[in-house]
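A quick write-up on the structure given underneath.
Read the figures in this text as sums done on the coordinates, not as results from a lab. Source: prediction; values computed, not measured. FYI the Cβ positions are ideal-geometry reconstructions off the backbone, even for glycines, and counts take in every protein chain you see.
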């Protein structure tokens, strides 16, 4: 695919990368007003009672009394939205975020008691209650430096394989999360294989990482054979499949089970941080080998992550019967959302996960949380069963090692030893705290044009309605729920979650 095939969002992202290159001044970012620490206090979700949480800019998670339910009007035009309770759709796998080395460094800048509070806000039942998270295989763009688990060139036997680096960062981060959420599920993908397994012998397309030489690759090198691509000889592909298995087994020995893997983060993009381009044909050759090794350790294989709005990239891989037999689902992020309708139509038997929320530029503001809501809604309306936020925690400013400031759910002030939940945090919590694994998404019908909601039926029968009022004025929206109607008076520019107990 040529650079001219990029979607407008992909071009926007490229512009972002160029604008915020290494060495950009942190002072260009506007300050985010600190939320009061008291707003992070947990509000217990009373069992068997109705709950309403409302958030506006700078005023998150306020408890409000749920209006009394009434019988719907016999006139179908006297209400705004009907939830089709009798036609539930996809089953939800879970919500979560991504582990990173810089995220752990940020949390470690907090006193132990405050670090525990931050972890509870992410993983506790009275926080986001995350159940399914992502972790990198080797270095991501939020690692301390570029690395893999085997830095010895030509070591096809993997005699020098070691996860020692992760014992100082990713492993303690995951274990801290497991201490709060013991049943936490994990999936993993690499940003790059060991550099010696790539044609150019480099981790990244530009010298943005300490000690990383330039390789001369230029932007626009999406999904092509080139120096940033994976070597495709049989010996290297076989070794890389075994590399995945060694990773899964090494983490299992640490008490961390990896349940799902994807072969490559953003397989169409050469980046100025660890990355690797794969052609669909190369992935089709690799997937049967990966499936062989993952079957041996009981791990599922998803195809992803797709970051381009071109469903044909997935179809080209799935057109190979041996590769298709391995794939249990698809991971989609960034401009990949433009391919969601085609992916849902072509592969109805595969799970579809939102694998990375678009990360912003470190402003952590309400405007971007609003964009995040629209993006999440788009994924679930097209059949997504899981959602993954990107950085769960970062130091103030959100700077990556290579120089891109990004948003996070928890924003840490290392000097003061304090943190605050961001606006994105409250957005995610509006969904993640109450929509439990095994919930079914409930479709909505409307005659009057109100389409700004998502609804779910939990395994315990409770109904979760997440509704937005994007207007600059209050509005009341009437939701028909079977034999009942909820008239919800929403504030201007607000997000709202209503939980109704079992009928």
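Structure values in brief
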| read-out | value |
| --- | --- |
| Relative counts (whole %) of C-alpha pair distances in region 272-385, using bins that are 10 Å wide | 13, 41, 31, 12, 2 |
| Relative packing of 367-374, 152-159, which averages over residues the other C-beta atoms within 10 Å, highest first | 367-374, 152-159 |
| Highest-first arrangement of 310-316, 261-267, where packing means the average Cβ count within 10 Å | 261-267, 310-316 |
| Ranked by how many other beta carbons lie within 10 Å on average, peptides 163-174, 238-249, 425-436 from highest | 425-436, 238-249, 163-174 |
| Relative contact order of region 349-503, pairs being alpha-carbon contacts under 8 Å that are 6 or more residues apart, as % | 16 |
| Scaled radius of gyration (Cα, divided by 2.2 N^0.38 Å) that region 398-500 gives | 1.37 |
| Bridge type composition, the chain - antiparallel percent by DSSP, nearest 5 | 55 |
| Hull volume in cubic angstrom per residue (convex hull over the Cα atoms of region 405-457) | 119 |
| Percentage, to the nearest whole number, of Cα pairs in region 328-367 over 14 Å apart | 53 |
| Gyration tensor over alpha-carbon atoms, region 316-468, equivalent ellipsoid semi-axes in Å | 29, 22, 14 |
| Considering only region 52-196, percent of DSSP beta bridges that pair antiparallel, nearest 5 | 30 |
| Crossing angle, helix 234-253 versus the chain [Cα axis fit, 0-90 degrees, rounded to tens] | 50 |
| With Cα atoms, 0 to 90° folded angle of helix 170-180 axis to the chain main axis | 30 |
| Within the chain, helix-based [θ] at 222 nm, where runs of 4 or more DSSP H residues each add -39,500 (n - 2.57), nearest 500 | -7500 deg cm²/dmol |
| Contour excess over end-to-end distance, with Cα ends at residue 292 and residue 77 and 0.36 nm allotted per residue | 71.8 nm |
| Principal-axis tilt of helix 366-381 within the chain, Cα atoms, nearest 10 degrees | 90 |
| Whole-Å semi-axes of the chain's equivalent ellipsoid (Cα gyration tensor) | 38, 25, 21 |
| Fraction of alpha-carbon pairs over 22 Å apart in region 35-176 - percent | 63 |
